[in-house]
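Q: Got a structure for you, written out below as structure tokens; questions coming shortly.
The values are calculated or read from the model by the stated rules, or taken from the named source; none is laboratory data. This structure is a prediction, so every number in the text was calculated from the model and none was measured. Counting neighbours? That spans all protein chains shown, and the Cβs are built from the backbone with ideal geometry, glycine included. What goes into the accessible areas is simple: the full protein's heavy atoms, side chains included, and nothing from ligands, DNA or RNA. Shrake-Rupley method; radii C 1.70, N 1.55, O 1.52, S 1.80 Å.
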Amino acid sequence: VQLQASGGGLVQAGGSLRLSCAATARTFSGYFMGWFRQPPGKEREFVAVVKWNGGSTYYADSVKGRFTISREYAKNAVNLEMNILKPEDTAVYYCVAGFPISSSVKRREGYRYWGQGTQVTVSS
């Protein structure tokens, strides 16, 4: 499975951006897709994922109410709408896919497939 991410860029605080990630292979039951990010000088952290079948969504507390993840069936893709962006959202964002067990949905080790990073910079 290859993941192709797009979107990102530079935006002022309070603005919005949209990230997209398309998978080259078909999706399967129990399959999750979503995003992690790595802020400058910090470890990679969970952002949001969606379970392909059923559409259950999971968000980091820091982005709840501001970010929305959604599926795009026809393209085997997920989108991340990011609103009310803050300088602390500045990071390289990574698309992920895999079959995490319940305890690993928000953990890096739950995801076998990683896309290339895309930079999001929020200026104050």
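Q: Only one of (1) without any contact (Cβ under 8 Å) to a residue 60 or more places away in the chain; (2) closer than 18 Å to residue 9 by Cβ; (3) open to solvent by 60 Å² or more (accessible area, probe 1.4 Å) fails for residue 86. Which number is that?
A: The single condition residue 86 does not satisfy is (1).
Q: What do you reckon, is residue 42 without any contact (Cβ under 8 Å) to a residue 60 or more places away in the chain and under 19 Å from residue 114 (Cα atoms)?
A: The answer is yes for residue 42.
Q: Ok, one more. Kindly evaluate residue 101 against the criterion of being modelled with pLDDT of 95 or more and either in contact with a strand residue (DSSP E or B) (Cβ under 6 Å, 6 or more places away or on another chain) or open to solvent by 10 Å² or more (accessible area, probe 1.4 Å) (or both).
A: So residue 101 does not fit the description; no.
Q: Here's a check for you: in the range 2-45, which residue that is buried (at least 16 other Cβ atoms within 10 Å of the Cβ) and of a type in the set (A, V, I, L, M) is nearest to residue 72 (Cα to Cα)?
A: 22
Q: I'd like the full set of residues that are open to solvent by 10 Å² or more (accessible area, probe 1.4 Å) and free of Cβ contacts under 8 Å to residues at least 24 places away in the same chain, limited to the range 46-71.
A: Correct list: 51, 54, 55, 56, 57, 59, 61, 64, 65, 66, 68, 70.
Q: So residue 15 passes all but one of these: (1) among the small types (Gly, Ala, Ser); (2) part of a strand (DSSP E or B); (3) farther than 21 Å from residue 110 by Cβ. Which condition number does it fail?
A: Condition (2) is where residue 15 drops out.
Q: For residue 83, state whether it is of a type outside the set (Asp, Glu) and at pLDDT 95 or above.
A: So residue 83 passes the test.
Q: Hey, any hits in the range 114-123 for a residue that's buried (at least 17 other Cβ atoms within 10 Å of the Cβ), aliphatic (A, V, I, L, M) and under 14 Å from residue 51 (Cα atoms)?
A: The answer is no, given that none of the residues of the range 114-123 is buried (at least 17 other Cβ atoms within 10 Å of the Cβ), aliphatic (A, V, I, L, M) and under 14 Å from residue 51 (Cα atoms).
Q: Additional query: Quick check on my filter: what residues within the range 72-82 are under 17 Å from residue 8 (Cα atoms) and open to solvent by 60 Å² or more (accessible area, probe 1.4 Å)?
A: Hit for the range 72-82 is 81, nothing else.
A quick yes/no check of all residues on (1) modelled with pLDDT of 95 or more; (2) touching a Gly at 6+ places or on another chain (Cβ under 6 Å); (3) farther than 18 Å from residue 3 by Cβ:
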residue	(1), (2), (3)
74	no, no, no
87	yes, no, yes
91	yes, no, no
109	yes, no, no
